Amino acid sequence: ITDGTARWQLALPSTYYGMLISGAGSQNTLTMMDFTGVGVDAISISAAVFSVKVHQSTFGQYLSSGIATTGAGSALLISDNEFIGGIYTSTGSGINIGSTWLGHALIKGNFMAGNFWGTSQYGVVISGGKNTVVQGNTITGFVYGVFVVGGVTNFIVDGNMLGSSNGYGTNTNSVRVDTGAGNYYNITNNIVNGLAISDAGTGVNKTISGNN
């Protein structure tokens, strides 16, 4: 921080979180929380938890992800939250389901804006898990509204607002399924405002329709 002729430096841990779920716990429920300006990830889930439920909470000014998983959990339920960020434009995301996640996830009814400090990379990025549902969210101002890593199977992206908004920017891409053996998925009934759905999954059991 520059202060006249002085330059102040803030000392802090290189990796820190608003909440770290690192034990093999069972039921974890977070309701009406404020995770504003709290670290690299607002919530980091690094354990094989049975379930994590996050409802009606606020996430803002985090550096990387609002919610990120690096553990092999079983159930993730995220609903009716607000995400503003992240600040890292190259990796920032609202929700990041990591490659080690094994279980299912329901992401429903959330608001995500990615353009407050430059255009963040992902609204939702899905790198692992099975039976993931992304439904009824408003996701704008990101490079990718929803990004699915190649090879992920059994997911639904349905009924989301993935195009533009007044005041919160426009996604560069609405939905991207990256190159790989992705299979058994539906991308349906999303409002994309003319942005193309980019599907490079090689599986044949899929439906992509009703996106306008």
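The values are calculated or read from the model by the stated rules, or taken from the named source; none is laboratory data. What you are looking at is a predicted structure, and each value in this text was computed from that prediction instead of being measured. Every residue, glycine among them, receives a Cβ derived from its backbone with ideal geometry; neighbour counts consider all protein chains shown. Surface areas here come from the heavy atoms of the whole protein model, side chains and all, with no ligands, DNA or RNA. Shrake-Rupley method; radii C 1.70, N 1.55, O 1.52, S 1.80 Å.
Restrict the check to segment 151-164 and report whether at least one residue is modelled with pLDDT under 95 and either over 22 Å from I191 (Cα atoms) or open to solvent by 10 Å² or more (accessible area, probe 1.4 Å) (or both). Scanning segment 151-164, I find at least one residue that is modelled with pLDDT under 95 and either over 22 Å from I191 (Cα atoms) or open to solvent by 10 Å² or more (accessible area, probe 1.4 Å) (or both), so the answer is yes. Only one entry in S99, S74 is surrounded by fewer than 18 Cβ atoms within 10 Å (Cβ to Cβ), out of contact with any strand residue (DSSP E or B) (no Cβ under 8 Å at 6 or more places or on another chain) and not basic (K, R), namely S99.
Taking the criterion of being hydrophobic (A, V, I, L, M, F, W, C), out of contact with any Asp or Glu (no Cβ under 6 Å at 6 or more places or on another chain) and assigned to a strand (DSSP E or B), the residues of segment 159-199 that qualify are M161, V175, I187, I191, I197. Screening I208, I187 for residues that are buried (at least 16 other Cβ atoms within 10 Å of the Cβ), free of Cβ contacts under 8 Å to residues at least 24 places away in the same chain and touching a strand residue (DSSP E or B) at 6+ places or on another chain (Cβ under 6 Å) leaves exactly one candidate, I208. Applying the condition of being on the phi < 0 side of the Ramachandran plot and open to solvent by 10 Å² or more (accessible area, probe 1.4 Å) to segment 49-67 and asking which residue is nearest to the chain's Cα centre (by Cα) yields S64. Find the residue count for segment 36-48, including only residues that are in a strand (DSSP E or B) and open to solvent by less than 10 Å² (accessible area, probe 1.4 Å). Count: 4. Which pairs do you get when a residue that is part of a strand (DSSP E or B), found in segment 79-92, comes within reach of a residue that is polar (S, T, N, Q) and open to solvent by 20 Å² or more (accessible area, probe 1.4 Å), reach meaning Cβ atoms under 6 angstrom, with the pair 6+ apart or on two chains? Taking only residues 6 or more apart or on different chains, the pairs are E82/T58.
Only residues that are open to solvent by less than 10 Å² (accessible area, probe 1.4 Å), part of a loop (DSSP other than H, G, I, E, B) and either at pLDDT 95 or above or not small (G, A, S) (or both) were counted in segment 105-150, giving 4.
When G25 is tested against (1) in contact with a strand residue (DSSP E or B) (Cβ under 8 Å, 6 or more places away or on another chain); (2) modelled with pLDDT under 90, only condition (1) is not met.
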